[in-house]
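For reference, the structure is listed below as structure tokens.
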Amino acid sequence: MSQALLEVQDLVKHFPVGGGLLKGAAGVVRAVEGVTFSIQRGETLGLVGESGCGKTTTGRCVLQLEQPTSGRIVFEGAELTGLSQDKLRTVRRHMQVIFQDPYSSLNPRMTVGDILAEPIKVHRIVSDPAKRQARVRELLEQVGLHAQHARRYPHQLSGGQRQRVGVARALAMQPSLIVCDEPVSALDVSIQAQIINLLEELQARFGLTYLFIAHDLSVVRHISDRVAVMYLGRIVELADRQSLYDEALHPYTRALLSAVPIPDPKLEARRERTVLRGEVPSPLNPPSGCVFHPRCPIAVDRCSAEIPALREIKPGHWAACHLA
Amino acid sequence: MATLLDVRDLKTTFLTSSGVVRAVDGVSWDIEEGETVALVGESGCGKSVSALSVMRLVDEPAGRIESGEIVYKGRDLLKLSEEQMRHVRGREIGMIFQEPMTSLNPVLSIGRQLTEGLEIHMGMKPPEARSRAVEMLAMVGIPDPERRLGQYPHHFSGGMRQRMMIAMALACNPSLILADEPTTALDVTIQAQILELMRDLARRLGVAMLIITHNLGVVARYADRVNVMYAGRIIEQASATELYANPRHPYTLGLLRSVPRLDEPRRARLDPIEGQPPDLTRLPEGCAFAPRCAYRVERCGEVPSLVALGAGHRSACWEAERLVKELAA
Ligand SMILES: Nc1ncnc2c1ncn2[C@@H]1O[C@H](COP(=O)(O)OP(=O)(O)OP(=O)(O)O)[C@@H](O)[C@H]1O
Ligand SMILES: Nc1ncnc2c1ncn2[C@@H]1O[C@H](COP(=O)(O)OP(=O)(O)OP(=O)(O)O)[C@@H](O)[C@H]1O
Ligand SMILES: [Mg+2]
Ligand SMILES: [Mg+2]
């Protein structure tokens, strides 16, 4: 078996909060609570789950933008936690990120050309200025923009065009891994499909590997090879796309899938929905046992007492549920 | 069923530094009693402004309702005094806003926000208003409503605030609710809770509803009839079943084809609508969708009007017949 490009083992990230003025109120946000997964070269792993479940934090830990509380992250064979700043810088070039909001992630005072040229210059990927300009034009072309766009400022572009610039900026570093954090959520429906197609084309062309974070399950199914479902800091289910969507084993995954309305009124009229009770609990004070048990339609006594481990129920299909 | 709200040729504009924005550019739609109608379309196409115009809450003086009629129960709302309009907003038409925090008062208790309207518009005495408030909170599924009355909006989660908005909108027994993206800011499982709740309540209380959304799945599940907007105009109008089965405008067709669907086998590639949504201050002559349209012909330089193509089905496209033939083939 080929070695994974990225391996994440027992990743934990806690944020201490409170203290400050009102001492004693301090607590800890258990944003990521023991997450394990790997991604093969050229693969797309989808990461889904509701707001606050720890998707972005997981991505930021992988990118080393956040110092993990504990756990191991192995990228291109190197364990990141032990690396010197110097080594880390080189390794990090090979992992890039595309953000949800293309507007706030682009410097409004720089032209698109400068936004793309700067990292190439800083990291000395291309030192000759003329060649750098050529590289910028090439990047623009690769993401479906024109050379003229290099002279524009971010506010002179539409949302979809700005996201293309975000993609080009990630490509500029010739990464092997791109963490895509909700790359299409802020875009109009008609533009989302353009960007998804672009990401897929680029993946095929450059052999890219994606960690694709999103809350839209239809989009995630389309783009991912395998999908991990998170709930309150934990992965509750992980499987290849087909198995996850056709035979979900975790009651939370099933509820998520049933909550997605399908654009077909005839189908919807016949469709039963599992509507979950209650709200997502706070990661400051997660429930005992299985964190999903207070909302789970099939919970039994054991679920509030014992944390279920993520088990391989069928080959390649993992679930953290006592009843799976 | 009788027509409850009839919007006729409504035009609303905004004066901005980059020119006049024709946010709503001559739209007509209606809602019958007890019915749920959807307004769908992409960001900036004029959905919120349409609803705000009905409530006469358009930001003045930059924003202006230029012309048209908004006939509610036989009266043109545009001809009412501000005083009369306040009564309509309080009693007749409830609104649920896109972002609940902007429409809840952060320094007023949950209880007071509910009882105020009940006292003013329903003439209730404080104890009566209070018990009605408790009843409303319980109805929208807020646990322990008695205790909640003394809390403030920041004590509520996003989902609970949205429930609170629904309770406020329904408190005075309105005939119509305008729900502007009532669940877009919420999580998928909470969205499902809220939408199911709204549908059940609307059915039980016989309230008509306008749902504004960009989610085609939401429309399919909850709407009886649909208006598709593009760049300030309605480009297609039909019953939900008809619209999804037989789209008759290239934009609607494009939207339906561009979204991946969980109920269908995964496609190798998505079919996006090419190009960008238009800038409302620099609209092209003629059909605003033409620059992105695969069916474009010379005639698209003229604005196509919304014409009937069958029972209750209207499309604003010169090439609608060709589209229908091609889809049938
Ligand atoms: N710097 C921080 N300090 C304290 N808490 C944080 C910090 N960053 C994230 N959190 C908390 O950690 C939890 C996980 O947040 P995260 O942003 O990873 O969620 P997410 O799954 O990406 O959600 P969303 O879908 O809303 O983007 C949340 O409860 C969040 O409030
Ligand atoms: N107060 C305002 N001043 C100037 N322009 C405005 C104002 N409010 C709305 N507009 C413009 O009117 C147009 C329609 O806006 P509207 O809010 O109705 O869009 P929408 O369809 O609700 O979009 P979204 O899906 O993003 O909520 C937009 O181009 C918007 O920029
Ligand atoms: Mg996030
Ligand atoms: Mg709006």
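The values are calculated or read from the model by the stated rules, or taken from the named source; none is laboratory data. Treat the numbers as computed from the prediction; the structure is a model and nothing was measured. Because the Cβ atoms are built from the backbone with ideal geometry, glycine has one as well, and the counts that use them run over all protein chains shown. To get the accessible areas, we keep the full protein, side chains included, count just its heavy atoms, and leave off ligands, DNA and RNA. Shrake-Rupley method; radii C 1.70, N 1.55, O 1.52, S 1.80 Å.
Does A:A168 satisfy the criteria of being away from chain B (no Cβ under 13 Å), in contact with a helix residue (DSSP H, G or I) (Cβ under 7 Å, 6 or more places away or on another chain), surrounded by 23 or more Cβ atoms within 10 Å (Cβ to Cβ) and in a helix (DSSP H, G or I)? Yes. Can you name the residue in segment B:200-221 that is within 11 Å of chain A (Cβ to nearest Cβ) and within 18 Å of B:G94 (Cα to Cα) and is also least open to solvent (accessible area, probe 1.4 Å) among such residues? For segment B:200-221, the residue satisfying everything is B:T213. If you go through segment B:28-42, how many residues are within 13 Å of ligand 4 (Cβ to nearest atom) and either part of a loop (DSSP other than H, G, I, E, B) or surrounded by fewer than 18 Cβ atoms within 10 Å (Cβ to Cβ) (or both)? Adding up the residues that qualify gives 2. Considering only residues in segment B:188-221 that are under 13 Å from B:R163 (Cβ atoms) and within 15 Å of the chain's Cα centre (by Cα), the one that is farthest from ligand 1 (Cβ to nearest atom) turns out to be B:M198.
Which residues, taken from segment A:53-102, are within 16 Å of ligand 3 (Cβ to nearest atom), part of a loop (DSSP other than H, G, I, E, B) and open to solvent by 60 Å² or more (accessible area, probe 1.4 Å)? Within segment A:53-102, A:L65, A:F99, A:Q100, A:D101 qualify.
In the condition set (1) within 17 Å of the chain's Cα centre (by Cα); (2) at pLDDT 90 or above; (3) open to solvent by 40 Å² or more (accessible area, probe 1.4 Å), B:P265 is compliant with all but (1). If you go through segment B:262-279 and pick out every residue that is touching a Phe, Trp or Tyr at 6+ places or on another chain (Cβ under 9 Å) and more than 9 Å from chain A (Cβ to nearest Cβ), you end up with 1. If you filter segment A:234-258 down to residues that are acidic (D, E) and under 17 Å from the mean Cα position of the chain (by Cα), you find that the one that is farthest from the other protein chains (Cβ to nearest Cβ) is A:E237. Residues of segment A:203-217 that are out of contact with any helix residue (DSSP H, G or I) (no Cβ under 7 Å at 6 or more places or on another chain) and away from ligand 1 (no atom under 16 Å from the Cβ): A:Q203, A:A204, A:R205, A:F206, A:G207, A:T209. The set of residues from segment A:259-291 being open to solvent by less than 20 Å² (accessible area, probe 1.4 Å), more than 7 Å from chain B (Cβ to nearest Cβ) and within 22 Å of the chain's Cα centre (by Cα) comprises just one member, A:V291.
Within the option set B:R199, B:R221, B:R257, being in contact with an Asp or Glu (Cβ under 7 Å, 6 or more places away or on another chain), charged (D, E, K, R) and closer than 20 Å to A:A269 by Cβ holds for one residue only, B:R221.
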